[in-house]
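Visitor: Quick one: the structure is below, questions incoming.
The values are calculated or read from the model by the stated rules, or taken from the named source; none is laboratory data. From a predicted model like this one, the values you see are computed outputs, not experimental measurements. Note that we place each Cβ from the backbone using ideal geometry, even for glycine, and neighbour counts take in every protein chain shown. To get the accessible areas, we keep the full protein, side chains included, count just its heavy atoms, and leave off ligands, DNA and RNA. Shrake-Rupley method; radii C 1.70, N 1.55, O 1.52, S 1.80 Å.
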Amino acid sequence: MPHIDVKMFPGRMMNKKNLAEKLLKTAAEELQIPAENLSVSVEDVDPKKWNEEVGAATPDDKIYAGKMFRAE
């Protein structure tokens, strides 16, 4: 059961459910599995806690696309 965990700064004016559904559909197609076998969560992370909870907690070798943001 693959799970996709999206973490971002709060305050984005967007529909998180819509984002999750699009990610779920794309992942199901790519993995060639039913969407029912996947889950997606979207979590807001306080910018002051970003490095501690996300940036430092995610090793570079686990990032497969893009670049991890780490606050200065």
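Visitor: Condition check: under 18 Å from I63 (Cα atoms), among the acidic types (D, E) and assigned to a helix (DSSP H, G or I). Does E21 satisfy that?
Guide: Judged against the criteria, E21 is not a match.
Visitor: Being farther than 17 Å from P47 by Cβ and not in a loop (DSSP other than H, G, I, E, B) is the filter here, so list the residues in segment 2-18 that pass it.
Guide: Across segment 2-18, the qualifying residues are H3, I4, D5, K16, K17, N18.
Visitor: Regarding K62, is this residue closer than 19 Å to F9 by Cα and open to solvent by 80 Å² or more (accessible area, probe 1.4 Å)?
Guide: No.
Visitor: If you take the residues in segment 56-72 that are touching a Gly at 6+ places or on another chain (Cβ under 8 Å) and of a type in the set (A, V, I, L, M), which one is farthest from D5 (Cα to Cα)?
Guide: So the residue we want is A71.
Visitor: Kindly indicate whether A71 is touching a Phe, Trp or Tyr at 6+ places or on another chain (Cβ under 9 Å), outside any helix (DSSP H, G or I) and without any contact (Cβ under 8 Å) to a residue 40 or more places away in the chain.
Guide: For A71, the condition - touching a Phe, Trp or Tyr at 6+ places or on another chain (Cβ under 9 Å), outside any helix (DSSP H, G or I) and without any contact (Cβ under 8 Å) to a residue 40 or more places away in the chain - is met.
Visitor: Next question, about the same structure. Identify all residues within segment 27-58 that are polar (S, T, N, Q) and either in contact with a strand residue (DSSP E or B) (Cβ under 7 Å, 6 or more places away or on another chain) or in a helix (DSSP H, G or I) (or both); write none if there are none.
Guide: Residues satisfying the conditions are N37, S39, S41, N51.
Visitor: Does D61 satisfy the condition of being in a strand (DSSP E or B) and modelled with pLDDT of 90 or more?
Guide: No: the conditions fail for D61.
Visitor: Output the number of residues of segment 7-58 satisfying the condition of being closer than 19 Å to R70 by Cβ, open to solvent by less than 70 Å² (accessible area, probe 1.4 Å) and small (G, A, S).
Guide: Of the residues in segment 7-58, 2 are closer than 19 Å to R70 by Cβ, open to solvent by less than 70 Å² (accessible area, probe 1.4 Å) and small (G, A, S).
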